[in-house]
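Reviewing the structure listed below.
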Ligand code: GAR
């Protein structure tokens, strides 16, 4: 069975979604970049080892990433799962875990990398928004995509209502992506593209706003 370590920075709802599913792997530890991350309580509840590597204790990104890597490597994980981890990682860190590091992002990448994705989607007036699970590469929020979920954007949406709709889908696709990874069904090919051995096809489209019946 594969081992994973999950890294968080805050609320931890994606961590909770992962902990509540059968992922077909062993969650060896949860590591937070903040001591006050609410999500640590979910690890506590499940009796999973957890620790804090605080960015505040390190003068720069390189030394924080080096400390984080030392903590991660204590658990010898096959995969490192970023679940609401809010720090930008150095190239050295990302390359150390090449093909073994995944992230969830609250937009349909490559649209809206970075922060405030729901506000940007509302500002642009897009009618479809969503979330993405991807392998992490040094190019921030541009790594090879494993799975995405799309949701409609409604006229009356606020950042909060849209964010909640997206988050519900995050909680569905992240466990699936981790399960695929741990079963070996999904991997990063040498050409930098995602290989998914048995991806099923869905031919239903999401049209938003819906077409009218004629
Ligand atoms: C989630 O929406 C996640 O996609 C996002 O932060 C939130 C964390 O929530 N991640 C990023 O923006 C990473 N760039 P959670 O702590 O409740 O899982």
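Quick note: the coordinates plus some simple rules give every number you see, no bench work behind them. Only a predicted model underlies this, so the values are computations on that prediction, with no experimental measurement involved. So basically every Cβ, Gly included, is an ideal-geometry build from the backbone, and we count neighbours across all protein chains shown.
Nearest-5 percent of antiparallel DSSP beta bridges in the chain?
Numbers: 14 of 31 bridges.
Antiparallel: roughly 45 percent of the beta bridges in the chain.
Determine, at each q value in 0.15, 0.18, 0.21, 0.27 (inverse angstroms), the log₁₀ of I(q)/I(0) that the Debye formula gives when each Cα of the stretch 33-106 is one equal point scatterer.
Debye output, listed in q order: -0.54, -0.79, -1.09, -1.59.
For a protection proxy built on the mean count of beta-carbon atoms within 10 angstrom, sort 191-200, 93-102 highest first, please. Could you put the intermediate results ahead of the total?
On the way: 191-200: 10.9, 93-102: 18.5.
The most tightly packed comes first, giving 93-102, 191-200.
Given R₀ = 30 Å, what would the calculated FRET efficiency be for residue 76 paired with residue 140, taking r from the Cβ atoms and rounding to 0.05? Don't jump to the answer; show the numbers that get you there.
Numbers: r = 27 Å, r/R0 = 0.90.
Given R0 = 30 Å and the Cβ-Cβ separation, E is 0.65.
So what is the relative contact order of the stretch 36-140, in percent, for Cα pairs below 8 Å that sit 6 or more residues apart? Don't skip to the answer; put the middle values down first.
Numbers: 97 pairs, mean separation 24.1, N = 105.
Rounded, it is 23 percent for the stretch 36-140.
To the nearest 10 degrees, how steep is helix 61-73 against the longest Cα principal axis of the chain, on a 0 to 90 scale?
With rounding to tens, the tilt is 80 degrees.
Please arrange 142, 55, 118, 129 by counting, for each residue, the other beta carbons lying within 10 Å of its beta carbon, fewest first. If you can, show how the numbers build up before the last one.
Values: 142 14, 55 18, 118 23, 129 28.
The order, fewest Cβ neighbours first, is 142, 55, 118, 129.
May I ask you to compute the full-extension gain from residue 3 to residue 148, defined as 0.36 nm times their residue separation minus their alpha-carbon distance, rounded to one decimal in nm?
Numbers: separation 145, 0.36 × 145 = 52.20 nm, distance 2.37 nm.
Computed gain between residue 3 and residue 148 is 49.8 nm.
As a test of the formula, what do you get for the chain when each DSSP H run with n ≥ 4 contributes -39,500 (n - 2.57) and the sum is divided by the residue count, at 222 nm and rounded to the nearest 500 deg cm²/dmol? Provide the component values of the computation, followed by the final result.
Numbers: 6 runs with 66 residues, N = 214.
It lands at -9500 deg cm²/dmol.
Within 10 Å, count the other beta carbons around each residue, average over each peptide in 61-74, 15-28, and list them highest first.
Order by mean packing, descending: 15-28, 61-74.
Would you order 213, 169, 91 from fewest to most other beta-carbon atoms within 10 Å of each residue's own beta-carbon?
On the way: 213 4, 169 17, 91 12.
Fewest to most other Cβ atoms nearby, the residues stand as 213, 91, 169.
What full-extension length gain, to one decimal in nm, is calculated for residue 123 and residue 86 as 0.36 nm per residue of separation minus the Cα-Cα distance?
Numbers: separation 37, 0.36 × 37 = 13.32 nm, distance 2.26 nm.
Working it through step by step, the gained length comes to 11.1 nm.
How big is the Rg/Rh ratio for the stretch 1-154, C-alpha atoms only, Rh by Kirkwood, two decimals?
Values: Rg = 15.6 Å, Rh = 16.1 Å.
Using Cα coordinates only, the ratio equals 0.97.
Give me the number: length gained by fully extending residue 56 to residue 213, i.e. 0.36 nm times residue separation minus the C-alpha to C-alpha distance, one decimal in nm. Don't jump to the answer; show the numbers that get you there.
Details: separation 157, 0.36 × 157 = 56.52 nm, distance 5.66 nm.
Value of the extension gain: 50.9 nm.
Hey, with R₀ at 30 Å, roughly what FRET efficiency would residue 46 and residue 187 work out to, going by the Cβ-Cβ distance, to 0.05? Show your work: numbers first, answer last.
Working: r = 27 Å, r/R0 = 0.91.
It comes out at approximately 0.65.
Mind ordering 121-127, 132-138 by average Cβ neighbours within 10 Å, highest first?
Details: 121-127: 14.4, 132-138: 22.1.
Ranking, from highest mean packing down: 132-138, 121-127.
Can you sort 107, 51, 13 from fewest to most other Cβ atoms within 10 Å of each residue's own Cβ?
Details: 107 22, 51 14, 13 18.
With the sparsest Cβ surroundings first, the list reads 51, 13, 107.
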